[in-house]
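The values are calculated or read from the model by the stated rules, or taken from the named source; none is laboratory data. Everything numeric here is computed off the predicted structure, so don't read it as measured data. When we count neighbours, we look across all protein chains shown, and the Cβ atoms used for this are built from the backbone with ideal geometry, even at glycine. Ligands, DNA and RNA are stripped out before the accessible areas are found, and what is left, the full protein with its side chains, is counted by its heavy atoms. Shrake-Rupley method; radii C 1.70, N 1.55, O 1.52, S 1.80 Å.
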Amino acid sequence: MKKDAGSREDSVKNIVLTFLNALNDEDFEKARQCLSDNMTFDGVLGHRDGAEIYISDMKKMKFKYSIKKTFEDENDVCIFYDIDMSGKKIFTCGWYIVNNKKIKSIKVVFDPRPILEQAEKK
C-alpha cells in the first residue's frame, strides 16, 4: 500500500475524494471531469455504462456522501460512507478503480431494504 500517495493531489484517493466532493456540491461538471468516458457503474439497484449517463442520473438523484473511512491500494480506492438517498441515510461501501487519473469503475454495495420499504409506502 502506498503511504505517501495521500499527500499528492493526483493520487487515486484524492481523485475519488474530489469526485465525491463535487457531487456533494452539485458541481456535476467537475465530477464529470473525474470520470473516464467509458466508465462503468455497478450497484445493488442498477448498472450504467458511460460517464454521461451516470452524471445524468446523479443530477436527478443529488445524493450526499458522508465519508467514514477511505482505503487506497495502487489504483483501487475503497470508501465507507453514509449516502443520503431521498432522506434515508444508507451505509455503503464503494470500490473505485482509477486509471490514467480518471475513475474507470465504480462498484457499490449496501442494504437496499430501507429504500425498497420507502418505495412500497408511496
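Test of understanding: among Phe80, Phe41, which residue is assigned to a strand (DSSP E or B) and free of Cβ contacts under 8 Å to residues at least 60 places away in the same chain? Phe80 is the lone residue from the list that is assigned to a strand (DSSP E or B) and free of Cβ contacts under 8 Å to residues at least 60 places away in the same chain. Residues in segment 44-77 that are outside any loop (DSSP other than H, G, I, E, B) and basic (Lys, Arg): Arg48, Lys59, Lys60, Lys64, Lys68, Lys69. Restricted to segment 83-100, and to residues there that are aromatic (Phe, Trp, Tyr) and without any contact (Cβ under 8 Å) to a residue 40 or more places away in the chain, the residue that is surrounded by the most Cβ atoms within 10 Å (Cβ to Cβ) is Trp95.
When the residues of segment 101-116 are narrowed to those that are more than 14 Å from Val77 (Cα to Cα) and not in a strand (DSSP E or B), which ends up most open to solvent (accessible area, probe 1.4 Å)? Taking the candidates together, the pick is Arg113. Take the residues in segment 20-38 that are part of a helix (DSSP H, G or I) and charged (D, E, K, R), then tell me which one is most open to solvent (accessible area, probe 1.4 Å). Here the residue is Glu29.
Taking residues in segment 26-38 that are of a type in the set (S, T, N, Q), and partners anywhere that are part of a loop (DSSP other than H, G, I, E, B) and at pLDDT 95 or above, the pairs with Cβ atoms closer than 7 Å and at least 6 places apart or on different chains are Asn38/Gly50.
Here is the figure for segment 54-70: residues that are more than 16 Å from Asn24 (Cβ to Cβ) and open to solvent by 80 Å² or more (accessible area, probe 1.4 Å) total 1.
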